[in-house]
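Here is the structure we will look at, set down as structure tokens.
The values are calculated or read from the model by the stated rules, or taken from the named source; none is laboratory data. Computed from a predicted model, the values in this text were never measured in an experiment. Counting neighbours? That spans all protein chains shown, and the Cβs are built from the backbone with ideal geometry, glycine included. Just so you know, the surface numbers come from the protein's heavy atoms only, side chains and all, with ligands and any DNA or RNA stripped out. Shrake-Rupley method; radii C 1.70, N 1.55, O 1.52, S 1.80 Å.
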Amino acid sequence: MRPAFALAGFAALVLASAPSAEGAGAGRPRVAFSVSPAQLSFATPGSRVLKLRNDGVERIVVDVERRTVGGQTAAKTWLQIRPPRLSLRSGESASLTLRARPPRRAEPGHHRVLVLLTTRPLGGGRVNVQLRLGVRIRMVVPGHIVRHLTLGALRVHRGHHARFLFVLVTNRGNVTMQLRGHVTASLVRRGQQLGRLSPRTRRSLLPGARAVLVLRYRGHVRGRVTAIVRVRLGSGLRAIERRYRLRL
């Protein structure tokens, strides 16, 4: 049977193929596993507890692992979970302790990690269903957040079928900035838009790092134009913009 996946927010219930239960287990599902709370948010350094319960008939083993969210790879290493594996008898509850200890130079703000809890049958057991629940963890690192990107000089490369514009971008803030999907660029002349440029860039930019935005234009406009490059910094924040006079 294929694994069943669910992101937490409710107690999951899965029925496994097995003979009819007897006695006190009659009418109860073979697998009924829940975790609470469905999501956690806490300041770091700090700790919280997840409550697990097995309401099914079968004894289960639960494996615990961490997954990154939104490319925040480093945050996964800050979160310690004990124990990493546990066994639950029918009707038994247990606790998982989550401790977050970010490094001294960790970026201020919110950092997200997904904790996955996966059940598996014990050897010789009758459970043939794998159930996975996910709990979203948000760790808050204190400190003043500075979002500051700068756009540097532009240079043009003339290819056979396209023009490529290269723009240097620098992250002068103290938090990682998202680039992919946040960059737009267009060509204008005398206030009239002539076309849009297709941006190519890395997904994000770490504090203090530099990257090159690659803007491709495959249209037929030639001569002197103005390229307008904009980068959105986030909801409620003013985008940065720079205009370049150039010849295609």
Are there any strands (runs of 3 or more DSSP E) wholly within segment 159-206 with 3 or more residues that are open to solvent by less than 60 Å² (accessible area, probe 1.4 Å) and free of Cβ contacts under 8 Å to residues at least 60 places away in the same chain, and if so which?
163-171, 183-189
How about segment 31-77: which of its residues are of a type in the set (D, E, K, R), outside any loop (DSSP other than H, G, I, E, B) and more than 17 Å from Ala106 (Cα to Cα)?
Arg48, Lys51, Arg53, Asp63, Glu65, Arg66, Arg67
Name the pairs: first residue in segment 82-93 and in contact (Cβ under 8 Å) with a residue 12 or more places away in the chain and more than 15 Å from Arg120 (Cβ to Cβ), second residue open to solvent by less than 50 Å² (accessible area, probe 1.4 Å) and in a strand (DSSP E or B), Cβ to Cβ under 6 Å, at least 6 apart or on different chains?
Arg82/Thr97; Glu92/Asn54
Going through segment 18-70 in order, the residues found to be out of contact with any Phe, Trp or Tyr (no Cβ under 8 Å at 6 or more places or on another chain), at pLDDT 85 or above and of a type in the set (A, V, I, L, M) are Val35, Leu40, Ala43, Val49, Leu50, Val57, Val61, Val64
Hits in segment 211-248 (condition: under 19 Å from Phe164 (Cα atoms), open to solvent by 100 Å² or more (accessible area, probe 1.4 Å) and modelled with pLDDT of 90 or more)
Arg224, Arg243, Arg245
Within segment 87-136, restricting to residues that are aliphatic (A, V, I, L, M), assigned to a loop (DSSP other than H, G, I, E, B) and surrounded by fewer than 20 Cβ atoms within 10 Å (Cβ to Cβ), the one that is modelled with the highest pLDDT is Ala106
When segment 155-213 is checked residue by residue, the ones that are among the hydroxyl-bearing types (Ser, Thr, Tyr) and closer than 11 Å to Ala227 by Cα are Thr184, Ser186
Filtering segment 158-174 down to residues that are at pLDDT below 90 and in contact with a Lys or Arg (Cβ under 8 Å, 6 or more places away or on another chain) yields His161, Ala162, Arg163
